[in-house]
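> Before I ask anything, here is the structure I am working with.
The values are calculated or read from the model by the stated rules, or taken from the named source; none is laboratory data. Just so we're clear, the structure is a prediction, and the values are computed from it rather than from any experiment. Cβ coordinates were reconstructed from backbone atoms using ideal geometry, including for glycine residues, and neighbour counts include every protein chain displayed.
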Amino acid sequence: MFNMKVVQPTRLDPDTRFKFRCHKAIKCFTRCCSNIDIMLTPYDVLRMKNRLGITSEEFLDKYTIMRIDQKSSHPYAYLRMGDDAERRCPFVVVPDGCTIYSDRPVSCRYYPIGQATLKKREKGGIVHEEFYFFIREEHCLGYQEDTEWTIESWRDDQGALHYDEMNREWKELLMRRNLPGQPELDPKKQTQFFMASYDLDRFRRYIFESRFLELFEVDEDEVEKMRQDEVALMKFGFKYLKYLMMMEQTLKLKDGVLPKQ
Ligand code: SF4
Ligand code: SF4
């Protein structure tokens with residue numbers, strides 16, 4: 001998700017060991033928070049907008065740009081970097097560092113590790129295999145430090161495991177969308193995709209203030225959870241996306257909604 005300049009193409013396993021430490025006294029501190037592209041996940045946006053105490057609409061408007069991925073036709077939110085030559089992240093302060101550190105996006109948590117997913121054809125169908133790689137940028141001096149990690153202990157320490165669990169279903173549906181024979185999203189579906197992925201406050205209004213619950217069968221407990229808990233609402237958004245993208249019949253119209261033939 002970072003726009004990587006130096007990627008070491010070796011595939012790493014969860015138990016691969018490496019030495020790294022990032023701290024305020026290091027000479028390169030905050031250098032990695034400029035000149036990057038950071039694609040956001042739904043849980044990134046949820047955490048950051050709450051950290052800032054603003055709505056998802058305000059957050060998306062002020063801090064992100066939307067880009068359509070040419071290959072998949074999905075619209076993704078990217079952090080809006082500064083207009084200056086350094087393209088600095090809006091949340092970095094020199095010399096103090098990240099002002100939203102405990103709510104920073106998952107890509108920032110992984111750095112200097114990159115994540116990728118490979119699609120493999122196996123007997124039972126297509127499977128997705130996740131793997132990791134090192135991002136080694138010249139300015140990053142953390143590799144010269146002595147703290148030892150495995151990929152797994154790094155993910156755990158940085159809170160990336162929790163983020164991955166929160167985003168797992170969303171990431172899975174992005175991969176499946178690239179399967180042959182699945183049509184591109186038209187502009188209307190792209191708008192819905194963006195809303196259900198990132199714009200939780202608007203999605204909440206869509207569910208509770210439109211005719212949505214009159215049209216679709218949704219379990220009462222699930223409706224109540226969505227009212228109380230934003231993570232439940234976000235996860236319902238993933239279900240809605242699968243329906244929207246015609247992957248799975250995750251939602252069912254109520255009887256009598258469609259006119260009889
Ligand atoms: S460049 Fe590397 S060591 Fe320096 S602040 Fe960023 S992650 Fe830490
Ligand atoms: S969100 Fe924080 S850690 Fe990530 S690039 Fe911005 S300042 Fe750096």
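> For the stretch 196-214, enumerate the residues that are touching a residue at least 24 places away in the same chain (Cβ under 8 Å) and either closer than 22 Å to Phe59 by Cα or among the hydrophobic types (A, V, I, L, M, F, W, C) (or both).
Ala196, Ser197, Tyr198, Asp199, Leu200, Asp201, Arg202, Phe203, Arg204, Ile207
> Turning to a different aspect of this structure: Which count do you get for residues in the stretch 99-130 that are within 16 Å of ligand 1 (Cβ to nearest atom) and touching a helix residue (DSSP H, G or I) at 6+ places or on another chain (Cβ under 7 Å)?
So the answer is 8.
> Take the residues of the stretch 138-193 that are more than 16 Å from ligand 2 (Cβ to nearest atom), hydroxyl-bearing (Ser, Thr, Tyr) and assigned by TED's automatic domain parsing to the domain that holds Ala116: which is nearest to the chain's Cα centre (by Cα)?
Residue satisfying both the conditions and the ranking: Ser153.
> Continuing with the same structure: Test each condition in (1) away from ligand 2 (no atom under 16 Å from the Cβ); (2) at pLDDT 90 or above; (3) among the β-branched types (Val, Ile, Thr) for Ile135 and report the one that comes out false.
With (1) away from ligand 2 (no atom under 16 Å from the Cβ); (2) at pLDDT 90 or above; (3) among the β-branched types (Val, Ile, Thr) applied to Ile135, the lone miss is (1).
> Output the number of residues of the stretch 25-52 satisfying the condition of being over 16 Å from the mean Cα position of the chain (by Cα), more than 12 Å from ligand 2 (Cβ to nearest atom) and of a type in the set (A, V, I, L, M, F, W, C).
So the answer is 3.
> Inside the stretch 145-177, can you point out the residues that are in contact (Cβ under 8 Å) with a residue 60 or more places away in the chain and of a type in the set (S, T, N, Q)?
Hits for the stretch 145-177 are Thr147, Thr150, Asn167.
> Could we say that Ala77 is in the same structural domain as Arg104 (by TED's automatic domain parsing), crowded, with 16+ Cβ neighbours inside 10 Å and among the hydrophobic types (A, V, I, L, M, F, W, C) here?
So Ala77 passes the test.
Condition check ((1) at pLDDT 95 or above; (2) touching a Pro at 6+ places or on another chain (Cβ under 9 Å)) across all residues:
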| position | (1), (2) |
| --- | --- |
| Met166 | yes, yes |
| Pro180 | no, no |
| Leu185 | no, yes |
| Thr191 | yes, yes |
| Phe194 | yes, yes |
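> State yes or no: is Glu209 farther than 28 Å from Ile100 by Cα, among the acidic types (Asp, Glu) and at pLDDT 95 or above?
yes
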